[in-house]
Amino acid sequence: MKNRVLWFFFALVRFALPATAQIDDPTKQLSHDVFKQLIEINTTDSVGNVTTASEAMYQRFRDAGFPESDLYVGGPNDRKKNLVVRYHGSGKRKPVLLIGHLDVVEARRSDWTYDPFQFVEKDGYFYGRGTQDMKDGDAVMVTTLLRFKKEGYVPDRDIVLALTADEEGGTSNGVDWLIKNKRELIESEFVLNHDGGGVLMEHGKPTMMEVDASEKLYADFQLTVTNPGGHSSLPVPDNAIYHLANGLVRISQHEFPFELSDITRAYYERMSKVATGQRAADMKAILKNPPDKAAIARLSDDPIDHSTMRTTCVATRLNAGHANNALPQMAQANVNCRIFPGHTPEQIRQELEKVVADPKVSITYVGAIGGGANRQAYAPPPLRPDVFQPIDKITAEMWPGIPVVPSMSTGASDGIYTNAAGLPTYAVSGEAIDRDDIRAHGKDERIKQESFYRAVNFYYRYLKLVTSE
């Protein structure tokens with residue numbers, strides 16, 4: 001009887017530990033080393049090299065025993081090669097595709113406290129370009145597959161990992177290239193995109209687990225003013241810089257109308273049940289018909305809510321003049337818009353023309369991720385139980401009490417290509433980031449070390465549940 005009690009006790013410990021236990025030291029070291037290696041490879045569009053990162057990860061998989069036949073490195077040019085890895089399962093179900101981009105946004109050393117392409121460990125954080133977007137996710141996915149290989153784990157479906165180029169910019173988007181040129185390598189039942197989702201924190205307290213099931217449409221517009229110019233000693237009111245500046249001020253003061261989609265309505269319905277005080281009341285008030293304008297205004301003070309409820313446009317680059325002692329002959333600005341589902345870039349361009357209200361300012365569509373001026377954001381995929389039930393289970397164990405909320409990404413990702421190709425895509429991550437410390441694309445980008453290691457733990461457990469019956 002005593003032996004039976006002891007056996008039962010140890011069984012309980014064995015099955016309870018994964019919910020809270022930290023990852024073991026070898027896994028921690030592995031994930032750290034992969035993360036560090038990726039951060040210290042410059043993969044910017046201007047001077048970086050995605051191929052170097054792809055080949056570095058290729059070598060890690062080869063060293064772990066993956067055969068060459070299960071690895072592919074290729075792309076449109078020498079700097080923009082992608083890596084595709086296949087981890088074989090039993091074949092009972094169709095494959096799942098994991099995607100993550102290896103490229104990062106430009107970062108100037110002069111802007112940062114530390115070298116953005118050195119992996120700095122300080123005060124409980126990892127610093128470096130890509131620590132939030134998204135070499136952290138790349139390292140998590142690579143580590144997970146290497147752990148599976150070491151254990152001899154046999155999933156019930158093949159797991160395909162694609163690490164790709166030019167999600168952040170450039171002309172050689174890796175996911176788009178693979179779909180058009182190597183579709184057979186990435187064919188799958190659905191896609192898990194690590195570039196989104198995760199646990200949102202407020203002052204260190206977990207509030208929700210987001211799963212991006214929709215995203216806004218990215219579009220750039222160029223505002224241009226031309227002028228004959230002249231000598232700066234003879235200024236005139238008709239100045240290209242003034243025309244452009246006034247137009248940009250009008251855009252900064254323009255508020256696009258409040259909107260809700262099925263996904264964002266469900267998001268606020270769920271969040272209103274866990275929020276408190278005025279914020280909870282405001283979430284409920286915007287769901288009414290008509291929505292409460294004062295509640296919309298209060299929620300809009302938060303940048304995340306502001307962007308979740310409407311299209312946004314913001315000036316991101318300026319270029320004007322040709323000499324210090326000459327009147328400007330041209331002034332240009334880039335305005336970046338994140339368009340709420342249901343609208344096209346051309347519709348937004350026409351609205352910007354009305355807002356600027358100056359015929360001397362021409363507004364042209366420059367480009368968008370995943371399509372032309374008349375395309376719309378894709379329809380959200382169905383909320384699959386085999387994607388969401390494992391998230392519900394692990395979230396309840398690792399962050400008890402917080403809701404799992406389908407959401408709309410206010411940014412844009414490679415999901416726009418996979419969804420358009422008929423591959424339903426969900427952004428899933430186990431990283432917890434405080435809403436006041438979102439530094440993706442910004443100065444001194446960083447992630448908490450504890451958050452990264454918990455994400456390694458989450459994804460390993462999550463992917464096992466997704467790939468086992």
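The values are calculated or read from the model by the stated rules, or taken from the named source; none is laboratory data. Please read these numbers as outputs of a predicted model, since none were measured by experiment. So basically every Cβ, Gly included, is an ideal-geometry build from the backbone, and we count neighbours across all protein chains shown. With ligands, DNA and RNA removed, areas are computed over all heavy atoms of the protein, side chains included. Shrake-Rupley method; radii C 1.70, N 1.55, O 1.52, S 1.80 Å.
Across region 414-458, the number of residues qualifying as of a type in the set (Phe, Trp, Tyr) and over 16 Å from the mean Cα position of the chain (by Cα) comes to 2.
Within region 233-279, the set of residues being open to solvent by 40 Å² or more (accessible area, probe 1.4 Å), over 30 Å from THR207 (Cβ atoms) and not in a loop (DSSP other than H, G, I, E, B) comprises ILE241, TYR242, ALA245, ASN246, VAL249, ARG250, GLN253. For ALA421, the requirement of being in contact with a Lys or Arg (Cβ under 7 Å, 6 or more places away or on another chain), within 28 Å of GLU168 (Cβ to Cβ) and surrounded by 15 or more Cβ atoms within 10 Å (Cβ to Cβ) is not met. Got at least one residue in region 156-176 being more than 15 Å from the chain's Cα centre (by Cα), open to solvent by 20 Å² or more (accessible area, probe 1.4 Å) and either under 20 Å from PHE61 (Cβ atoms) or without any contact (Cβ under 8 Å) to a residue 40 or more places away in the chain (or both)? Yes: one or more hits.
Evaluating LEU223 against the criteria (1) modelled with pLDDT of 95 or more; (2) open to solvent by 30 Å² or more (accessible area, probe 1.4 Å); (3) closer than 30 Å to ILE363 by Cβ; (4) in a strand (DSSP E or B) leaves one unmet condition, (2). Selection within region 285-329: residues that are under 16 Å from ALA240 (Cβ atoms) and touching a helix residue (DSSP H, G or I) at 6+ places or on another chain (Cβ under 6 Å). The member of this set that is least open to solvent (accessible area, probe 1.4 Å) is PRO328. Only one entry in THR27, THR51 is more than 27 Å from VAL105 (Cα to Cα), modelled with pLDDT of 95 or more, assigned to a helix (DSSP H, G or I) and of a type in the set (Val, Ile, Thr), namely THR27.
Among the residues making up region 231-263, those that are under 26 Å from the mean Cα position of the chain (by Cα) and of a type in the set (S, T, N, Q) are SER252, SER261.
A single entry from VAL456, VAL387, VAL428, VAL405 fulfils the requirement of being crowded, with 20+ Cβ neighbours inside 10 Å, among the hydrophobic types (A, V, I, L, M, F, W, C), touching a His at 6+ places or on another chain (Cβ under 8 Å) and in contact (Cβ under 8 Å) with a residue 40 or more places away in the chain: VAL428. Checked against the criterion of being over 19 Å from the mean Cα position of the chain (by Cα) and crowded, with 24+ Cβ neighbours inside 10 Å, region 191-203 contains not a single residue that satisfies it.
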